[in-house]
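The values are calculated or read from the model by the stated rules, or taken from the named source; none is laboratory data. Everything numeric here is computed off the predicted structure, so don't read it as measured data. Ideal geometry is used to build each Cβ from the backbone, glycine not excepted, and the neighbour counts take in all protein chains shown.
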Amino acid sequence: MSEETSYTPPKVWTWEQGNGGKFANINRPIAGPTHDKELPKGKHPLQLYSLATPNGVKVTILLEELLAAGHAGAEYDAWLINIGDGDQFGSGFVDVNPNSKIPALMDYSTEKPTRVFESGAILMYLAEKFGNFLPTDPSKRAETLSWLFWQMGSGPYLGGGFGHFYAYAPFKIKYAIDRFAMEVKRQLDVLDRQLANNEYISGDQYTIADIAIWPWYGALVQNKVYGAAEFLDTASYKNVNRWTEQIGQRKAVQRGRMVNRVSGPEEEQLRERHDASDFETKTQDKLEAAGD
C-alpha cells in the first residue's frame with residue numbers, strides 16, 4: 001500500500017503544520033486571536049464582516065432582499081474579511097465571532113450592541129428583526145426553519161467533506177471521495193424531490209430556507225464550486241436546476257452575490273459595500289472600461 005493509504009493513527013494526535021492541502025496555512029487546532037486588529041465600523045447600524053463564500057453570500061443576499069422589500073433599516077456596511085490572509089483571527093473579529101468563521105454581524109441599533117455569528121443564526125435574526133422571509137404561520141415557520149437547519153447540518157458534508165477531498169486535498173483518496181459524493185447526491189435527491197411539488201424549498205413562499213440553500217447547492221449545479229458538476233451529474237436534478245435558475249434571476253440575489261467577492265470576473269466583484277450606490281458605481285466603472 002502507498003504511504004497515503006496506509007496511515008496508522010498515532011496513540012495521541014499531534015499537529016503537523018502545513019499538512020492539510022490548500023488551506024493548511026489557516027487551519028489550526030486552537031481558537032483565539034493570532035494578532036491584534038480592530039474591526040472597521042461604518043455609518044450604518046448593521047456592520048457585516050464577511051467574504052463571498054457560500055456562507056457569506058447567504059447574508060448579503062438576505063440584506064439586499066430586505067432592502068428591495070422596503071426595509072430601510074437593513075442598510076449595511078459590508079467589510080471584507082479575507083480568510084486566506086487570516087483576517088478571521090484578528091482580535092476584533094474574534095470578539096464578534098469566537099469561532100473565527102465568516103460571516104459575523106454587529107447590530108448597533110439595539111440598546112446594547114448585538115453580535116450574531118453563524119450564517120443560519122444571522123438569517124434568522126434578520127428575518128425576525130424585519131418581519132420578512134420567515135413565515136408567521138406556525139406550520140410554515142416550522143417547515144422553513146427545518147429546511148434552514150437542514151442546510152446547516154448538510155452543508156459540511158458538501159464543503160468540508162466532498163469539496164475538500166475532491167478539489168482541495170493534497171492527494172485523492174477514493175474512499176473519501178466516494179463516501180462524500182454518495183452523500184451529496186443523496187442531498188441533491190432530497191432537494192429535487194422536495195422541489196418537484198413546491199416552487200420554493202419550503203412551499204409556495206420564498207424564504208430564508210431558499211436564501212440559505214441556494215449559495216451552496218445552486219453553485220454546485222451551476223459548476224461554480226469544486227468543478228464537479230459532471231462528476232456528480234448535477235444536470236439530472238431537473239427540479240433543483242429549475243429552482244436554481246429562478247432564484248438566480250432575482251436582482252437582490254445578483255447584488256448579494258457580488259458583495260465581498262474577491263474571485264471570478266471583475267464585474268462580479270464588489271469587495272466592500274457601504275451604500276446602495278456602490279453597485280451603480282461598479283456598473284459605471286464597467287461601462288467606462290468597455291468604452292476605453
In the range 118-149, anything part of a helix (DSSP H, G or I), of a type in the set (S, T, N, Q) and surrounded by fewer than 20 Cβ atoms within 10 Å (Cβ to Cβ) is listed as 139, 146
Scanning the range 220-273 residue by residue, those part of a loop (DSSP other than H, G, I, E, B), of a type in the set (Asp, Glu) and farther than 18 Å from residue 58 by Cα turn out to be 233
Kindly indicate whether any position in the range 193-209 is among the acidic types (Asp, Glu) and part of a helix (DSSP H, G or I). no
Please verify whether residue 184 is assigned to a helix (DSSP H, G or I) and over 22 Å from residue 124 (Cα atoms), treating the condition exactly as stated. yes
Going by the conditions given, is residue 208 under 18 Å from the mean Cα position of the chain (by Cα), touching a residue at least 40 places away in the same chain (Cβ under 8 Å), surrounded by 15 or more Cβ atoms within 10 Å (Cβ to Cβ) and over 30 Å from residue 27 (Cβ atoms)? no
Going residue by residue through the range 82-89, is there one that turns out to be under 25 Å from residue 248 (Cβ atoms) and not assigned by TED's automatic domain parsing to the domain that holds residue 218? yes
Determine whether residue 286 is modelled with pLDDT under 95 and basic (Lys, Arg). yes
